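Chemist: Shown below is the structure under consideration.
The values are calculated or read from the model by the stated rules, or taken from the named source; none is laboratory data. Computed from a prediction, not measured in an experiment: that's the story for all the values here. Virtual Cβ from ideal backbone geometry, glycine too; neighbours counted across all protein chains shown. With ligands, DNA and RNA removed, areas are computed over all heavy atoms of the protein, side chains included. Shrake-Rupley method; radii C 1.70, N 1.55, O 1.52, S 1.80 Å.
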Amino acid sequence: MAHNDPQALRILPFRGLRFAPDRVRDPSAVTSPPYDMIGPDEARRLADIEEHNVVRLILAAPEELAGGPGAPARYHRAATSLRSWIDDGALRQDDEPAFYVYEQTGRGGRQRGLIALVKLDDADTDAGPDAGSNAGPHASAAEPAPAHRAILPHEAVTDSVVADRVAQMRATEAHIEPILLTYEGDRTVSDLLDAVADRHEPLTVTTTADGTRHRLWALTDPAATDRIAADLLGHRALIADGHHRHAAYRLLRAERGGGPAAYGLALLVDTSRFPLSLHAIHRVLPHVPLATAVTQAGKVFTVRQTPDPHHALDAIPAGEHAFVLSDGTTHYLLTAPDPAVLAETIPADKPAAWRALDATVLHHVLVEAIWQLPDTPEEVRFDHDPVHAVAEAARIGGTAVLLRPTTEDVVRQLAGAGVLMPRKSTAFGPKPATGLVMRLLAED
């Protein structure tokens, strides 16, 4: 693929910012999950483990997590912490630009990828009316037409979350946690990464609380980095995780007109070699009792009680819509929605694959039409763990809504066509740990 091809995936090495091993002897004590996987209680716990835990940079100070000042004020404290950690030597920037080989080994097996700077797609102001419908909430960061993208989003984003991430990046002048991109390679890059891991000692080895072992290497050889960059020019990448951070990258780039902000920090994984797992993201309705949810849903769906909320969906054939509603004690299976209601409620101007998504039916039919809820964090919460979702519904007297995952083929099909799935439709994993390597915008 030619270097001027608009779909070319361009990457650069960078001087990573890492915790100094002589100052931070246990890397697991300073890392965290991605920001959107951490609730306030977990954030406080992480911050208490070690004064340099990275949660203080991505979610501000623990005492500010519950309400308090707005994002700019909160992240001023995060920026102060970042600079003080650099000044006291807890964080150090590597001397040479590098690609970072990153490996995770856990219950799901082993995954190995490349952490690099990825050039953001240029805004396409002449892409026509379809571009606007897929641009998300920020006109200044509008997405280019699908044919002109090297990085393919597949989910819609929420304005307030993007604004929060932009505030965090502006304040810290850094990309603290990489987004997760996948591509389908031919082993050229993965073989080079294997050679680095097989022949060199890692910079970092640590095991996090979930039992996952993380290893990180630096690849600085110019011949190898050039070969990797040249190979990836021929690929397109799917955003597996980090849609809001990606939108924030693009908004910051639009504000600054390029320069260091033209690139974002990303972990790239070749899924032909290391397939990611794909899970559903479940919902919790804190203000809807189970009896109300079931009565209203029964006007459109067939409803029957089920003894096991976590396996009831397994028996439903692919292509048939199904959900589980639970309050932690009683569980109901929803199936066979009225086709006439689906046709009336789901937008008809979208591809059949989008209209057939369970997430689409949940959002347009159940949340909007049947339960008549505003799709806000106060009324519809997200939970990656179905067991936790059911327990949370029991704790607060609400209703958990459990879904099945879609397939990566459907995700790629829709992303390639420039069609965004409802937000929080998918959860790819494993996600990278935050805090192993970061990127300073001002010092690139």
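Chemist: In the stretch 13-27, what count of residues is obtained for those that are within 30 Å of ALA223 (Cβ to Cβ), in a loop (DSSP other than H, G, I, E, B) and modelled with pLDDT under 95?
Modeler: 1
Chemist: Got a number for residues in the stretch 28-53 being outside any loop (DSSP other than H, G, I, E, B), open to solvent by 30 Å² or more (accessible area, probe 1.4 Å) and not polar (S, T, N, Q)?
Modeler: Of the residues in that region, 9 qualify.
Chemist: Among the residues of the stretch 303-320, which ones are open to solvent by less than 70 Å² (accessible area, probe 1.4 Å), closer than 22 Å to ALA369 by Cβ and touching a Ser or Thr at 6+ places or on another chain (Cβ under 7 Å)?
Modeler: Hit for the stretch 303-320 is ILE316, nothing else.
Chemist: Another question, then. Output the qualifying pairs, or none if there are none: Cβ atoms under 6 angstrom, residues six or more apart or on different chains, first residue in the stretch 167-179 and under 19 Å from GLY259 (Cβ atoms), second residue modelled with pLDDT of 95 or more and basic (Lys, Arg).
Modeler: Cβ pairs passing all conditions: HIS175/ARG439.
Chemist: Answer yes if at least one residue in the stretch 151-174 is modelled with pLDDT of 95 or more, over 15 Å from ARG236 (Cα atoms) and in a loop (DSSP other than H, G, I, E, B), and no otherwise.
Modeler: Scanning the stretch 151-174 turns up at least one residue that is modelled with pLDDT of 95 or more, over 15 Å from ARG236 (Cα atoms) and in a loop (DSSP other than H, G, I, E, B).
Chemist: Of these, GLY435, GLY429, which one is in contact (Cβ under 8 Å) with a residue 12 or more places away in the chain, closer than 30 Å to PHE19 by Cβ and touching a Phe, Trp or Tyr at 6+ places or on another chain (Cβ under 9 Å)?
Modeler: Going through GLY435, GLY429 in turn, the sole match is GLY435.
Chemist: Restricting attention to the stretch 146-156, which residues are within 16 Å of the chain's Cα centre (by Cα) and surrounded by fewer than 21 Cβ atoms within 10 Å (Cβ to Cβ)?
Modeler: Within the stretch 146-156, just ALA156 meets the criteria.
Chemist: Let me ask something additional. Can you tell me which residues in the stretch 86-110 are in a loop (DSSP other than H, G, I, E, B) and open to solvent by 40 Å² or more (accessible area, probe 1.4 Å)?
Modeler: Scanning the stretch 86-110 gives ASP88, ASP95, GLU96, PRO97, ARG107, GLY108.
Chemist: Okay, next question. List the number of the failed condition for ARG250; all other conditions in (1) surrounded by 14 or more Cβ atoms within 10 Å (Cβ to Cβ); (2) over 27 Å from MET438 (Cβ atoms); (3) of a type in the set (Lys, Arg) hold.
Modeler: Result: ARG250 passes all but (2).
Chemist: State the number of residues belonging to the stretch 400-427 that are touching a helix residue (DSSP H, G or I) at 6+ places or on another chain (Cβ under 6 Å), crowded, with 21+ Cβ neighbours inside 10 Å and charged (D, E, K, R).
Modeler: Total satisfying the criteria: 0.
Chemist: Take the residues in the stretch 379-394 that are assigned to a helix (DSSP H, G or I) and in contact (Cβ under 8 Å) with a residue 12 or more places away in the chain, then tell me which one is surrounded by the most Cβ atoms within 10 Å (Cβ to Cβ).
Modeler: My answer is ALA393.
Chemist: Now for a different question. Only one of ALA348, ALA343, ALA359 is closer than 19 Å to ALA427 by Cα and either in a helix (DSSP H, G or I) or of a type outside the set (Ser, Thr, Tyr) (or both); which?
Modeler: From the options ALA348, ALA343, ALA359, the qualifying one is ALA359.
Chemist: How about the stretch 339-353: which of its residues are modelled with pLDDT of 95 or more, among the aliphatic types (A, V, I, L, M) and loosely packed, with under 11 Cβ neighbours inside 10 Å?
Modeler: ALA340, ALA343
Chemist: I'd like to check something: does the stretch 265-275 contain any residue that is touching a residue at least 60 places away in the same chain (Cβ under 8 Å), surrounded by fewer than 22 Cβ atoms within 10 Å (Cβ to Cβ) and among the small types (Gly, Ala, Ser)?
Modeler: Yes, the stretch 265-275 has at least one match.
Chemist: Assess whether THR376 counts as being part of a loop (DSSP other than H, G, I, E, B) and among the hydroxyl-bearing types (Ser, Thr, Tyr).
Modeler: Here the answer is yes, as THR376 does meet what is asked.
Chemist: Take the residues in the stretch 367-378 that are modelled with pLDDT of 95 or more and not aromatic (Phe, Trp, Tyr); name whichever of them is most open to solvent (accessible area, probe 1.4 Å).
Modeler: By that ranking, first place goes to GLN372.
Chemist: Oh, and also: Here are the criteria: (1) free of Cβ contacts under 8 Å to residues at least 60 places away in the same chain; (2) not in a loop (DSSP other than H, G, I, E, B). Tell me which single one PHE323 does not satisfy.
Modeler: If we test PHE323 against (1) free of Cβ contacts under 8 Å to residues at least 60 places away in the same chain; (2) not in a loop (DSSP other than H, G, I, E, B), just (1) comes out false.
Chemist: For the stretch 277-290, how many residues meet the condition of being open to solvent by 20 Å² or more (accessible area, probe 1.4 Å) and in a loop (DSSP other than H, G, I, E, B)?
Modeler: Selection size over the stretch 277-290: 2.
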